[in-house]
Amino acid sequence: MSNSNRLRIAVQKSGRLSDDSIALLKAIGIKLNIRDRLLIAHSTNQPIDLLRVRDDDIPGLVMDGVVDLGFIGENELEEKMLERKAAGKPFEYEVLRRLDYGGCRLSIAVPNEMDYDGIQSLEGKKVATTYPYLLERYFKEQGINAKAVMLQGSVEVAPRAGVADAICDLVSTGATLEANGLVEKDVIFRSKAVLIKRADGELSDEKETLVNRLMPRVDGVLLAKE
Ligand code: PRT
Ligand code: ZN
């Protein structure tokens with residue numbers, strides 16, 4: 001933000017990416033004093049502040065230049081990028097590093113009993129998802145006329161509830177699909193966590209120097225874990 005010389009980094013407050021993102025920051029030598037309820041956490045040994053928010057907010061915070069860096073899943077990043085592009089909002093960012101956690105895939109899954117013969121089986125059907133832009137882009141690429149139905153949660157129960165014919169949701173082990181009588185059919189996007197940087201203008205020299213000093217340490221941590 002305008003008067004801050006401290007590097008601002010957005011991280012998910014509590015969720016699947018939180019622990020690994022914080023662990024990475026600590027592993028590169030950033031001491032953090034995180035108090036559970038607080039939105040902001042200050043580093044005690046570097047000019048760095050963490051903004052702890054919902055993952056959904058992170059792409060926008062980076063693209064609007066409210067923060068300098070952010071840790072985010074590529075699925076959420078790409079969806080928000082498409083959404084903002086469609087809305088005429090800034091959608092630029094730079095990927096600094098692809099990370100080694102948060103791995104998952106965005107897949108189309110259908111009820112066990114459905115006759116599925118490839119994506120054309122969804123012609124004219126409704127597909128529930130939290131990622132309508134990614135799904136509609138896929139339908140367009142495949143030349144399919146199907147409708148993405150937006151659901152923020154409980155996507156996997158949509159077919160049983162009669163809300164949609166199929167779903168498109170994140171999968172890691174596949175246990176959730178199985179428990180809901182669904183079969184994974186088409187992977188439409190593969191995702192990992194990434195560290196991104198605002199691309200709407202130069203960072204100050206001090207911030208740029210700090211980022212350039214930190215990145216080799218990130219590489220060191222990633223390499224050591226391989
Ligand atoms: O509160 P906030 O909005 O910040 O969190 P959130 O609930 O939106 O996100 P969260 O913490 O669940 O996920 C954050 C990110 O983690 C996602 O955007 C992905 O980039 C990544 N990720 C990795 C996953 C999964 N794996 C994953 N398995 N996100 C969600 N899931 C869910 C999936 O939606 C489904 O409900 O886990 C279930 C499936 O898991 P399996 O193992 O049963 O297949
Ligand atoms: Zn979220």
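The values are calculated or read from the model by the stated rules, or taken from the named source; none is laboratory data. These figures come from a predicted structure and were not determined experimentally. Neighbour counts run over all protein chains shown; Cβ positions are idealised from the backbone, glycine included.
Which of the residues spanning segment 182-210 are under 26 Å from GLU79 (Cα atoms) and more than 19 Å from the chain's Cα centre (by Cα)?
So the first thing to find is which residues in segment 182-210 are under 26 Å from GLU79 (Cα atoms), and the list is 182-203.
Within segment 182-210, LEU182, VAL183, GLU184, LYS185, ASP186, ASP200, GLY201, GLU202, LEU203 meet the criteria.
Are any of the residues in segment 33-52 over 21 Å from TYR93 (Cβ atoms), within 14 Å of ligand 2 (Cβ to nearest atom) and surrounded by fewer than 21 Cβ atoms within 10 Å (Cβ to Cβ)?
First pass over segment 33-52, keeping only residues over 21 Å from TYR93 (Cβ atoms): 33-47.
The next check asks that each one be within 14 Å of ligand 2 (Cβ to nearest atom); those that pass are none.
No: zero hits.
Of the numbered conditions (1) in contact (Cβ under 8 Å) with a residue 12 or more places away in the chain; (2) small (Gly, Ala, Ser); (3) on the phi < 0 side of the Ramachandran plot, ALA87 fails exactly one; give the number of that condition.
So ALA87 meets the others, but not (1).
On the given criteria, is GLU83 under 13 Å from the mean Cα position of the chain (by Cα) and within 16 Å of ligand 1 (Cβ to nearest atom)?
Working: under 13 Å from the mean Cα position of the chain (by Cα): no; within 16 Å of ligand 1 (Cβ to nearest atom): yes.
So GLU83 fails the test.
Residues that are within 12 Å of the chain's Cα centre (by Cα) and closer than 18 Å to ARG190 by Cα: does segment 115-127 have at least one? Before the answer, list the steps.
Restricting attention to segment 115-127, the residues satisfying the condition of being within 12 Å of the chain's Cα centre (by Cα) are none.
Looking for residues that are within 12 Å of the chain's Cα centre (by Cα) and closer than 18 Å to ARG190 by Cα, one finds none in segment 115-127, hence no.
Please enumerate the residues belonging to segment 53-69 that are within 16 Å of ligand 1 (Cβ to nearest atom), buried (at least 21 other Cβ atoms within 10 Å of the Cβ) and either over 29 Å from CYS168 (Cβ atoms) or over 10 Å from the mean Cα position of the chain (by Cα) (or both). Walk me through how you get there before you give the answer.
Filtering segment 53-69 for residues within 16 Å of ligand 1 (Cβ to nearest atom) gives 53-62, 67.
In the following step, the residues that additionally are buried (at least 21 other Cβ atoms within 10 Å of the Cβ) were identified as 55, 58-59, 62, 67.
Within segment 53-69, VAL62, VAL67 meet the criteria.
Here is a list: TYR131, TYR93, TYR101. Which entry is aromatic (Phe, Trp, Tyr), at pLDDT 95 or above and surrounded by fewer than 18 Cβ atoms within 10 Å (Cβ to Cβ)?
Details: TYR131 fails: surrounded by fewer than 18 Cβ atoms within 10 Å (Cβ to Cβ); TYR93 fails: surrounded by fewer than 18 Cβ atoms within 10 Å (Cβ to Cβ).
Unique residue meeting the criteria: TYR101.
Residues being without any contact (Cβ under 8 Å) to a residue 24 or more places away in the chain and in contact with a Leu (Cβ under 7 Å, 6 or more places away or on another chain): count how many of those fall in segment 128-166.
1
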